[in-house]
Amino acid sequence: MNVHPETERIELRLLLEAIYLKYGYDFRNYSMAHLKRRAEYRLSLSGLASISQLQHAVLHDEKMFLIFLQDLSINVSEMFRDPPFYKALRNEILPMLGTYPSFKIWHAGCSAGQEVYSMAILLHEAGMRERGQIYATDFNRAILEQAREAAFPLAQLKDYTTKYQQAGGENSFADYYAADDERALLCSFLKERIFFSEHNLVTDGVFGEMHLIVCRNVLIYFDRELQDRVVGLFVDSLCPGGFLCLGSKESLKFSRHAEKFEVVREKEKIYRKRRDA
């Protein structure tokens with residue numbers, strides 16, 4: 001059955017409103033193109049005929065809501081994703097963080113923790129792990145449990161090893177995990193200074209006085225209004241001179257908060273909060 005595009009947009013907005021009113025999760029300012037793709041994906045698997053039917057199912061069956069919540073969660077990540085970014089962190093940003101007696105890092109929208117543990121390895125190799133506290137947050141409780149486990153499929157290790165080396169890794173990547181038949185378990189010492197917790201960038205508030213915030217490839221799923229709101233949250237969460245790292249397809253160029261930052265590395269999307277911001 002073909003649905004008129006305007007009717008479909010109305011159905012989608014009603015679905016998002018229903019989720020917000022019933023469960024408190026606010027996806028109303030996410031990119032509509034992203035939401036439409038995720039709804040269509042769930043329809044294709046569930047046998048439901050329309051977004052309106054999906055709305056009814058989500059409202060009346062909490063199990064269906066939890067399934068759809070996983071669909072909406074952004075869980076695409078890798079260890080040492082974009083190696084030049086990690087090389088810039090290693091060579092330029094960590095030496096500046098090292099001037100503090102202690103420092104705090106926030107990974108916002110941490111997914112299953114791949115980038116969090118990449119950061120832990122960088123800190124370890126820089127001799128800074130004991131001085132740093134990493135806060136890793138996501139709204140998705142299930143994905144946070146995966147992150148705490150620090151286990152990844154063996155099939156991903158070859159790619160992770162290559163990216164680690166390209167990012168300037170100083171050791172053998174195999175030093176950081178033990179493998180069984182199906183998974184690689186990261187060494188427990190990497191988890192010692194990491195605190196995982198639930199936090200929703202859309203509805204929750206300021207998070208500490210951070211020296212570094214990493215939120216990569218999350219803002220691209222938000223509309224412009226929500227992007228500005230979240231960047232404002234980061235401004236308020238950073239200490240003066242703190243750093244903000246975004247994804248390769250993200251930028252502060254058109255943000256109303258752009259003047260509060262100076263560009264450190266444009267290509268790697270690393271910014272620094274102005275001390276007078």
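The values are calculated or read from the model by the stated rules, or taken from the named source; none is laboratory data. It should be emphasised that the depicted structure is a prediction, and the values quoted were computed from it without experimental measurement. Cβ atoms come from the backbone with ideal geometry, glycine included; neighbour counts cover every protein chain shown. What goes into the accessible areas is simple: the full protein's heavy atoms, side chains included, and nothing from ligands, DNA or RNA. Shrake-Rupley method; radii C 1.70, N 1.55, O 1.52, S 1.80 Å.
Points worth noting:
- Cα-projected label distance for Arg28 with Arg9, points at 7 Å along beta-carbon direction, nm: 1.7 nm
- Net charge contributed by nearby residues that have their C-beta within less than 9 Å of Tyr20 (K/R +1, D/E -1): 0
- If you wrap the tightest convex hull around every Cα atom of segment 178-233 and split its volume per residue, you get 136 Å³.
- Annotation for segment 122-193 versus segment 89-107: alpha-carbon center distance of 18 Å.
- Computed over segment 50-181, the alpha-carbon pair-distance distribution with 5 angstrom bins reads 2, 9, 17, 18, 17, 13, 8, 6, 5, 4, 2, 0, each value a whole percent.
- Ratio Rg/Rh, restricted to segment 14-110 and using Cα atoms, in which Rh is the Kirkwood radius: 1.18
- Contact order relative to length of the chain, as percent, for alpha carbon pairs under 8 angstrom and 6 or more apart: 17 percent
- Spin-label model distance (nm) - Val76 vs Ser44, 7 Å beyond Cα toward Cβ: 1.4 nm
- Modelled FRET efficiency - R0 35 Å, Asp223 with Asp159, Cβ distances, 0.05 increments: 0.65
- Cα convex hull volume per residue for segment 97-157 (Å³): 84 Å³
- Asn91-Val263 FRET efficiency (beta carbon distance; Förster radius 22 Å; 0.05 resolution): 0.85
- Helix 114-125 axis, angle to the chain major axis (alpha carbon atoms, nearest 10°): 10 degrees
- Across segment 72-80, coupling constants 3J(HN,Hα) worked out from phi with the 6.51/-1.76/1.60 Karplus curve, θ = phi - 60°, read 7, 5, 9, 10, 8, 7, 8, 6, 6 Hz, and Gly and Pro carry x.
- Once the 1.4 Å probe is applied to the protein heavy atoms, the chain comes out at 47 Å² accessible per residue.
- Counting only residues at least eight positions apart within a chain, or on another chain, the aspartates and glutamates with an alpha carbon under 17 Å from that of Lys22 are Glu11, Asp61, Glu62.
- Fraction of alpha-carbon pairs over 16 Å apart in segment 1-69 - percent: 41 percent
- Rg/Rh, computed from the Cα trace of the chain with Rh as the Kirkwood radius, has the value 0.99.
- Here the label points at Phe189 and Tyr20, each 7 Å from Cα along the C-beta direction, are separated by 4.8 nm in the simple model.
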